[in-house]
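Notes follow the structure.
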Amino acid sequence: YALNFDQTEAFKRIVRSRPVGLLQGPPGTGKTRFIAALAHYAITQGLAKNVLLSSQSHEAVNTAGEALLKLFRKSGGEPSVLRVGMSEEQVSDIIKPFHTSRVEQSIKDRFQSTYQARVSIAGRALGLSREVVGDIVTLEQSIVPMSAKFTELQKTEDSSSPRLAGIQQSLESVLGSLDLPSDLVDSLESGSTRFLEDMLDSLMDKHRRSGVSGDKIIRLRSAARVGTDFMTSTSSFQRS
């Protein structure tokens with residue numbers, strides 16, 4: 001860690017005095033290097049599974065975090081880091097990839113890219129065809145968000161709003177691609193819940209003609225909604 005004699009002695013005493021130790025470092029005594037070294041040592045030597053670095057200023061946390069990253073990368077490792085801060089503007093460029101908002105988006109992007117494959121696994125377990133799986137994925141990823149947006153806009157815009165009309169046209173197009181009646185969108189006026197119920201009934205009728213039970217479609221949709229709920233929950237302040 002390239003510590004000097006005084007830093008090395010302080011390091012040994014802090015490690016020996018666990019679980020609580022207090023070190024006072026006047027300006028210019030190398031506190032940042034010491035903090036990074038202590039955190040790196042605690043993690044790599046198994047003294048702690050997690051280390052929380054906290055300070056009264058964002059700059060101090062950024063500086064210590066950068067020093068810690070350098071130590072890990074110097075030894076050929078990449079730590080699992082999460083930088084907490086209300087805004088990316090408070091985080092230095094080197095630490096930005098570890099900011100909560102970036103990590104959240106990365107998790108969502110990775111999950112989104114494998115969403116259809118995950119639903120397909122559930123579909124195969126239920127003995128359902130690719131067509132059924134594709135329809136359920138379209139329902140969850142396209143129809144549900146658009147119907148929710150329509151209901152939200154209804155609260156603030158009148159019925160002749162171009163935005164509402166645009167969503168209706170998009171939904172009609174998606175329904176057409178699923179070989180479902182486009183007039184299903186008429187039930188949107190009664191709310192997204194009614195519309196989705198009618199749409200799901202129509203979807204089950206479509207596949208029932210091919211011998212697919214409605215119960216299996218409902219079960220697949222329940223599995224698919226676990227995925228969409230996960231992606232939604234990572235965007236909520238309370239759960240992210």
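The values are calculated or read from the model by the stated rules, or taken from the named source; none is laboratory data. Remember, it's a predicted structure, so these values are computed and weren't measured experimentally. Backbone-built Cβ (ideal geometry, glycine too); neighbour counts: all protein chains shown. Only protein heavy atoms, including side chains, enter the accessible area calculation; ligands, DNA and RNA are left aside. Shrake-Rupley method; radii C 1.70, N 1.55, O 1.52, S 1.80 Å.
Using only alpha-carbon positions in segment 1-118, the gyration tensor eigenvalues give semi-axes of 31, 17, 12 Å once each is multiplied by 5 and square-rooted (largest first). The calculated FRET efficiency for residue 105 paired with residue 163, based on their beta-carbon distance and R0 = 25 Å, is about 0.45. Dividing the Cα radius of gyration by the Kirkwood radius, what Rg/Rh value follows for the chain? Result for the chain is an Rg/Rh of 1.20. Here the Gaussian network model covers the chain, with springs between Cα atoms less than 10 Å apart; of 13, 225, 33, 13 fluctuates the most. FRET efficiency for the residue 155 to residue 50 pair, using the beta carbon distance and R₀ = 45 Å, is estimated at 0.55. Annotation for residue 23 and residue 208: the two label points, set 7 Å from Cα along the Cα-Cβ direction, are 7.1 nm apart. In this calculation the C-beta distance from residue 80 to residue 183 is compared with R0 = 41 Å, giving a FRET efficiency of 0.20.
Of interest is the spacing of the C-alpha centroids, which for segment 91-126 and segment 6-85 amounts to 29 Å. What the chain shows is 63 Å² of accessible area per residue, with the surface traced by a 1.4 Å probe over protein heavy atoms. In whole percent, and with a 1.4 Å probe on the protein chains, what portion of the accessible area of the chain is carbon and sulfur? Of the solvent-accessible surface of the chain, carbon and sulfur hold 51 percent. Measuring how big segment 158-240 is from its alpha-carbon positions, Rg and Dmax come out at 15.4, 44 Å. Close amide H contacts of residue 99 (hydrogens built in the peptide plane, cut-off under 5 Å, sequence separation of 5 or more or a different chain): 83.
Considering only alpha-carbon pairs that sit under 8 angstrom and 6 or more positions apart, the relative contact order computed for segment 34-112 is 23 percent.
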